[in-house]
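Written out below as structure tokens is the structure these notes cover.
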Amino acid sequence: MANEVARRLVHASGATIPGAYVLSKHVSWLDLQWTHIQWVLIAGTVVTIVLEALRLFAGLEWVVYDKLTREYEQDNVAGYALYVFGGTLVGLVFEPRIAIPAMLMLTLGDPVSGLLGSGELRTIKRWPVLAAMFTTCFLLAYPFLPLHAAALAAVAATLADGVKPVIATYVIDDNITIPIAAAVTAFVVL
């Protein structure tokens, strides 16, 4: 359980990137433009690609990998990499009012859902976990999006988190699908 809590705290720490941009709009001396955030996302993606290549092909083993990756990620691209790729894609493709809530749904909504549903290997999460995910995602999106867009983006993120599709015996990780589903849905609705 300690590793699970640590994993969720690392997950939530990603909220600092969109959070810094939001904070910069309210603090005069913090002058961040969305392009600054995009460069940080690109840099993080480059570092992630290098680390994953070293881990998967050169045998790089760090204690942090033992603590924060799951057993099924040992020979596959790790969830943290998919998290970075999903967040970066959304940050590069969509405007801040869409990208920020999508990123927050991943960085804050997914850990809430993960802690509530920890230890369960289910194709579809239990309804109280789905309800908590939806509520969290809606509350994160509503400051940025109109009510209907926030609600539908939260539904998309909840489905991406709560239903585990399997393609050719590979489970599609919600770390990449949550931000993409939320952002695409918000974009289409708007």
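The values are calculated or read from the model by the stated rules, or taken from the named source; none is laboratory data. On a predicted model such as this, the values are computed, not experimentally measured, just so you know. FYI the Cβ positions are ideal-geometry reconstructions off the backbone, even for glycines, and counts take in every protein chain you see.
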- Message: Which residue is nearest to Ser113 (Cα to Cα), if the candidates are limited to the stretch 172-190 and must be outside any helix (DSSP H, G or I) and in contact (Cβ under 8 Å) with a residue 60 or more places away in the chain?
- Response: Asp173
- Among the residues of the stretch 58-94, write down those that are under 28 Å from Ala182 (Cβ atoms), assigned to a loop (DSSP other than H, G, I, E, B) and at pLDDT below 95. Thr69, Arg70, Asn76, Val77, Ala78
- Search result, residues across the stretch 1-57 that are surrounded by fewer than 13 Cβ atoms within 10 Å (Cβ to Cβ), assigned to a loop (DSSP other than H, G, I, E, B) and not aromatic (Phe, Trp, Tyr): Met1, Lys25, His26, Val27, Ser28, Leu30, Asp31, Gln33
- Query: Looking only at the stretch 160-190, which residues are surrounded by fewer than 19 Cβ atoms within 10 Å (Cβ to Cβ) and either at pLDDT below 90 or under 18 Å from the mean Cα position of the chain (by Cα) (or both)?
  - Reply: Val163, Lys164, Pro165, Val166, Ile167, Ala168, Thr169, Tyr170, Val171, Ile172, Val184, Phe187
- May I ask you to verify whether Leu139 is under 17 Å from Ser113 (Cβ atoms), among the hydrophobic types (A, V, I, L, M, F, W, C), modelled with pLDDT of 95 or more and not in a loop (DSSP other than H, G, I, E, B)? yes
- Query: Across the stretch 81-133, which residue is farthest from the chain's Cα centre (by Cα) among those that are surrounded by fewer than 16 Cβ atoms within 10 Å (Cβ to Cβ) and among the small types (Gly, Ala, Ser)?
  - Reply: Gly119
